[in-house]
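Comments concern the structure below.
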Amino acid sequence: MLSLKTTITFIATLFLIPFALKAQNSASIDVGAEIGLPSGNFSGLSGIGTGASIKAAFPITEDFALTVNGGFMNFFGKRNQIFKVQDLTYIPAKAGLKYQLGESFYAEGQLGAALPLNNGQKTVFVWSPGIGNQFKLSGGNKLDLGIRYEAWTGKNDLVAINKSNTKGFVGIRFAYVFGL
């Protein structure tokens, strides 16, 4: 029968093997600019959104990384002949998993919350699947071009304008990646 010390060492080794196998897979942080193109009912409230974000990736195995992402996003409210819709300004905070499909191509999924900056808006749940490609630069840094569908789900005070509680958009992100 194995001793407790041997069992703990064996289990710890199993969890640490993925990190040892991919020593060159290191953490990274990137800074990016974002564009949001509203879809569905959300396009009636806004024509475009702009923002910026910071994302960090921490490798778990050779192909998987844990990601955390925070930023700022503003969707400009539309104006019509009757009224002007207020801008929707949020701070999205998300975490998720990134899977390397190839040397530079990846798929990613994130969950989180978007915190409102304007009065009358409420915190919303965020989910976001996407894909991207990283282009190598000299010095180990990279450029990252990603596209995703992102949905913000929560209570909506503007029921007469937008009957859906989900605001969905296609997000395009262009970032500079710093290897750590």
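Out of all the residues in the stretch 84-142, which are within 19 Å of Y176 (Cβ to Cβ) and of a type in the set (G, A, S)? Hits for the stretch 84-142 are S104, G130, G132, S138, G139, G140. Applying the set (1) under 27 Å from G44 (Cβ atoms); (2) without any contact (Cβ under 8 Å) to a residue 12 or more places away in the chain to T166 leaves exactly one unmet item: (2). Restricting attention to the stretch 53-75, the residues being open to solvent by 50 Å² or more (accessible area, probe 1.4 Å), more than 18 Å from T153 (Cα to Cα) and either part of a strand (DSSP E or B) or aliphatic (A, V, I, L, M) (or both) number 6. Can you find a residue that is hydroxyl-bearing (S, T, Y), part of a strand (DSSP E or B) and open to solvent by less than 20 Å² (accessible area, probe 1.4 Å) anywhere in the stretch 78-101? Looking for residues that are hydroxyl-bearing (S, T, Y), part of a strand (DSSP E or B) and open to solvent by less than 20 Å² (accessible area, probe 1.4 Å), one finds at least one in the stretch 78-101, hence yes.
Out of the residues in the stretch 144-180 meeting the condition of being small (G, A, S) and within 18 Å of G49 (Cβ to Cβ), tell me which one is modelled with the lowest pLDDT. Let's see the steps before the verdict.
Within the stretch 144-180, the first condition is being small (G, A, S), and the residues that meet it are 146, 151, 154, 160, 164, 168, 171, 175, 179.
Those still in the list that are within 18 Å of G49 (Cβ to Cβ) too: 146, 151, 154, 164, 168, 171, 175.
Working: G146: 97, A151: 94, G154: 82, S164: 51, G168: 93, G171: 96, A175: 97.
Ranking the candidates gives S164 first.
The set of residues in the stretch 1-52 being at pLDDT below 85 and in a loop (DSSP other than H, G, I, E, B) consists of M1, L2, S3, K22, A23, Q24, N25, S26, L45.
The values are calculated or read from the model by the stated rules, or taken from the named source; none is laboratory data. The structure displayed is predicted, hence computed values, not measured ones. When we count neighbours, we look across all protein chains shown, and the Cβ atoms used for this are built from the backbone with ideal geometry, even at glycine. Note: accessible area is taken over every heavy atom of the protein model, side chains too, but ligands, DNA and RNA are not part of it. Shrake-Rupley method; radii C 1.70, N 1.55, O 1.52, S 1.80 Å.
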